[in-house]
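One structure is given here, and the rest of the page talks about it.
Values in this text are rule-based calculations from the coordinates and carry no lab data. Since the structure is predicted, the reported quantities are computational estimates derived from the model, not experimental observations. When we count neighbours, we look across all protein chains shown, and the Cβ atoms used for this are built from the backbone with ideal geometry, even at glycine.
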């Protein structure tokens with residue numbers, strides 16, 4: 001029996017225990033991050049319910065969309081900046097832009113938010129696409145780019161109807 005390796009057993013055991021502990025710690029960190037993302041998402045969903053500015057912005061967008069004479073494009077120009085409609089549209093788009101950045105940066109759980117607000121987000125994007133185009137042309141070329149990427153990703157993979 002070869003006993004030459006016996007002096008190295010304590011060192012090997014220490015390395016093995018350290019490796020197992022590291023793997024457990026990494027799994028715990030990953031799990032905590034996922035839980036934090038879900039908590040942040042749920043907090044945001046609940047906060048949205050009490051955000052009167054967001055609610056009003058969405059109502060303005062919906063009303064403009066339903067009116068055959070109006071268009072969100074009008075409110076992208078400086079002479080209409082101070083109107084309630086323009087303020088509401090900008091507030092709503094900025095809110096969803098921040099949300100999209102949070103998803104991109106892994107602050108929020110995308111699946112949870114998508115299941116909760118898919119229809120509203122996609123409708124806002126479609127109803128404000130002309131507004132965004134004017135802002136990008138006249139003010140900032142990258143305006144609402146994270147929101148746009150998020151909406152495109154969601155539209156390319158829509159929610160499935162659950163039976």
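Placing dummy labels 7 Å off each Cα toward the beta-carbon, the span from residue 11 to residue 55 is 6.8 nm.
Remark: segment 6-156 is approximated by an ellipsoid whose semi-axes, taken from the C-alpha gyration tensor as √(5λ), come to 47, 15, 12 Å, largest first. Between residue 120 and residue 63, residue separation times 0.36 nm minus the direct Cα-Cα distance comes to 19.1 nm.
With each label modelled as a point 7 angstrom along the Cα→C-beta vector, the residue 4-residue 149 pair spans 5.7 nm. Sorting 27, 128, 145 from the fewest to the most surrounding beta carbons within 10 angstrom yields 27, 145, 128.
Legend: ranking of residues 105, 85 from fewest to most surrounding C-beta atoms inside 10 Å; resulting order 105, 85. Note on segment 111-163 and segment 17-69: Cα centroid distance 15 Å, given to the nearest whole angstrom.
When the Gaussian network model of the chain links Cα atoms closer than 10 Å, the mean-square fluctuations of 76, 12, 125 top out at 12. Pick from 38, 149, 49: which residue has the top mean-square fluctuation in a GNM of the chain where Cα pairs under 10 Å get a spring? Among 38, 149, 49, the largest mean-square fluctuation in the Gaussian network model of the chain belongs to 49.
Here the contact order of segment 6-156, divided by its residue count and restricted to Cα pairs under 8 Å and six or more residues apart, works out to 26 percent. What angle do you read, to the nearest 10 degrees and between 0 and 90, between the alpha-carbon axis of helix 129-138 and the longest principal axis of the chain? For 129-138 against the chain, the angle is about 90 degrees. On a 0 to 90° scale, report how tilted helix 9-49 is relative to the longest principal axis of the chain, with both axes built from alpha carbons and the result rounded to the nearest 10. Helix 9-49 sits roughly 20 degrees off the main axis of the chain. Build a GNM of the chain with springs between Cα atoms under 10 Å apart, and of 135, 35, 15 the one that fluctuates most is 15.
Neighbour counting of Cβ atoms within 10 Å sorts the residues 116, 31, fewest neighbours leading, into 31, 116.
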